[in-house]
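What follows is calculated from the coordinates using simple rules that are stated; it is not laboratory data. All values reported here derive from a predicted model rather than from experimental measurement. Backbone-built Cβ (ideal geometry, glycine too); neighbour counts: all protein chains shown.
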Amino acid sequence: MFAEPSPKTRDLLQRLQQFFDQHIYPNEERYYREMDAFRRQGNAWQVSPLIEELKPLARAEGLWNLFLPHEHRGVPGISNLDYAPLCEIMGRVSWSGEVFNCSAPDTGNMETLERYATEAQKDRWLEPLLAGEIRSAFLMTEPAVASSDATNIQCTIAREGDHYVINGRKWFSSGAGSPHCQVFIVMGKTDPDAPRHAQQSMVLVPRNAPGITVERHLSVFGYDDAPHGHMDVLLDNVRVPVDSILLGEGRGFEIAQGRLGPGRIHHCMRSIGAAERALEMMCDRLRARVAFGKPLAEQSVWHERIAESRCLIDQARLLTLNAAHKMDTVGNKDARAEIAMIKVVAPNMSCKVVDWAIQAHGAAGVSQDFWLAEAYAHQRTVRIVDGPDEVHRNAIAKIELARRAAATA
């Protein structure tokens, strides 16, 4: 039932692929050259001139905010199922999502604001985010606790009169390095004595609020991922008005569950795109190289790996499309098992396919001359972000056990 995209998606997909052929693929080298120049100048945390050039072109082509699943102020949304093949294309080039205003963590943050923010909060933060005028960061993970269990969070959000006072340290705060970042969504505890899943809240914090210090950037396998980065952030007596809270006190865990579902499936869609590109590169390399008297493409070990890659990619894609369909039809909460499954399957699959592509390229595969080393670093990281494999497997197992218990009761 998911073999063919809808007519709407086919049209968008054709236009998106054409945009990639005209503007993204030909400019990959330029993007990295510009960012390397910034690093040599001593400051990688600068806005990419290329991306700023391409944004208006994408918007003029109607390739803008493709991710939003709900209608917002008269602008129609797109279903998760329709978005899947589009997001997959964006996964082929790591920086391309921002060109279409479809990059993490902004997509998850915008969905969060669209679902849970007040109209005033939407006016102040969501509208400029949707317009691509500003960027955002999501501050949840902390260095001092196992953040795979969100109830461990120690950051405090204390009510003092008409303000909340925030104290804590967050790290791997993706997006906080961007010079366009103007708002943080911060998760912390408003009531440590409440029931376990009612202690947490989320607040909107201006990036320039007094008491915020970005202490350092954290590399990922040696990559700085500038200009958005992953930052170590100190919040020291940061004060925000009480109307900065999202949904209300004690609703943070609920918001996190609603936010992470779409974020997880978007990661998986991009992982499939990365794996597809890696398989293409693997095949091209094997056809072009000769070893021991014949092309590598004629050697049986590579036949096995090519075939296995195709099976793994298509399996992951179908599982992802099924999860997207369930999210669209029964909601994120009832699709939690399907979301957990793809979050385990897709990045593990992509890691394996990219790894084989690296092997096919030999020493070149781990160099900066090819995209594969960067792709592997990112795909390996996706096995941790938005919940590690172990947490998702645990959730899947609990759902299965509960189903069986209900069936045999």
* Structure fact -> The FRET efficiency for Ala144 and Ile384, from their Cβ-Cβ distance with R0 = 22 Å and rounded to 0.05, is 0.80
* Asked: Where does helix 7-19 land angle-wise versus the long Cα axis of the chain, in degrees 0 to 90, nearest 10?
  -> 70
* To do: Rounded to whole Hz and in sequence order, give me ³J(HN,Hα) for region 303-308 from the Karplus expression 6.51 cos²θ - 1.76 cosθ + 1.60, θ = phi - 60°, writing x for Gly and Pro.
  => 4, 4, 6, 5, 4, 5
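In deg cm²/dmol and to the nearest 500, what is the mean residue ellipticity at 222 nm of the chain if only DSSP H runs of at least 4 residues count, each as -39500 (n - 2.57), divided by the residue total? Kindly include the intermediate steps, with their values, before the conclusion.
Working: 11 runs with 189 residues, N = 409.
It comes out at -15500 deg cm²/dmol, rounded to the nearest 500.
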* Structure fact -> Once amide hydrogens are built 1.01 Å from N within the peptide plane, the residues lying 5 or more places from Cys181 or on another chain with amide H under 5 Å from its amide H are Arg135
* Along region 20-33, what does the Karplus equation 6.51 cos²θ - 1.76 cosθ + 1.60 (θ = phi - 60°) give for ³J(HN,Hα), rounded to whole Hz, x for Gly and Pro? -> 4, 5, 8, 10, 8, 4, x, 10, 4, 5, 4, 4, 5, 5
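Going by how many other Cβ atoms sit within 10 Å of their own, how do Glu29, Glu390 line up, fewest first?
On the way: Glu29 9, Glu390 12.
With the sparsest Cβ surroundings first, the list reads Glu29, Glu390.
Kindly identify region 7-130 as rounded, prolate or oblate by the Cα gyration tensor criterion: order the square roots of the eigenvalues as a ≥ b ≥ c, call it rounded if a/c is under 1.5, otherwise compare a/b with b/c, prolate if a/b is larger, else oblate.
Details: a/c = 2.37, a/b = 1.29, b/c = 1.83.
Here region 7-130 falls in the oblate category.
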* **Label-reachable residues, region 165-181, where backbone N falls under 17 Å from a point 7 Å from Arg39's Cα toward its Cβ** => 177-178
* Structure fact -> Scalar couplings 3J(HN,Hα) for region 286-301 by Karplus 6.51 cos²θ - 1.76 cosθ + 1.60 (θ = phi - 60°), nearest whole Hz, x for Gly and Pro, are 5, 6, 8, 10, 10, 9, 6, x, 8, x, 4, 5, 9, 8, 4, 4
* Rounded, prolate or oblate: which one fits region 1-49, using the alpha carbon gyration tensor with axes a ≥ b ≥ c (rounded when a/c is under 1.5, else prolate when a/b beats b/c, else oblate)? -> prolate
* Measure out, as a whole number of angstrom, how far apart the alpha-carbon centroids of region 41-86 and region 297-357 sit. => 24
* Express in % the proportion of alpha carbon pairs of region 56-205 at distances exceeding 24 Å. => 39
* What residue among Arg289, Arg216, Arg310 has the largest mean-square fluctuation in a Gaussian network model of the chain, using Cα springs under 10 Å? -> Arg289
* Once you've got the GNM for the chain with C-alpha springs shorter than 10 Å, pick whichever of Ala340, Ala307, Ala137 has the biggest mean-square fluctuation. => Ala307
* Can you give the FRET efficiency for Lys333 and Ala307, using 1/(1 + (r/R0)^6), R0 = 45 Å, r = Cβ-Cβ distance, to the nearest 0.05? -> 0.75
* Dividing the alpha-carbon Rg of region 51-112 by 2.2 N^0.38 Å yields what? -> 1.06
* **Simple spin-label estimate for Ser367 and Asn237 in nanometres, 7 Å along Cα-Cβ** => 5.5
* Asked: What order do you get for Phe172, Phe38 when you list them from fewest to most C-beta neighbours inside 10 Å?
  -> Phe38, Phe172
* To do: Multiply the residue separation of Asp191 and Arg159 by 0.36 nm, subtract the distance between their alpha-carbon atoms, and state the gained length in nm to one decimal.
  => 10.5 nm
* Under the classification rounded if a/c is under 1.5, otherwise prolate if a/b is larger than b/c and oblate if not, where does the chain fall, given a ≥ b ≥ c as square roots of the Cα gyration tensor eigenvalues? -> prolate
* Asked: What size of dipole, in debye to the nearest 20, comes out for region 7-130 about its Cα centre when the only charges are +1 on Lys and Arg C-beta atoms and -1 on Asp and Glu C-beta atoms?
  -> 80
* For the residue pair Arg10 and Leu218, what label-to-label distance in nm results when each label sits 7 Å from Cα along the Cα-to-beta-carbon direction? -> 4.5
* Share of alpha-carbon pairs per 5 Å distance bin for region 135-249, given as whole % -> 2, 13, 23, 25, 19, 11, 5, 2, 0
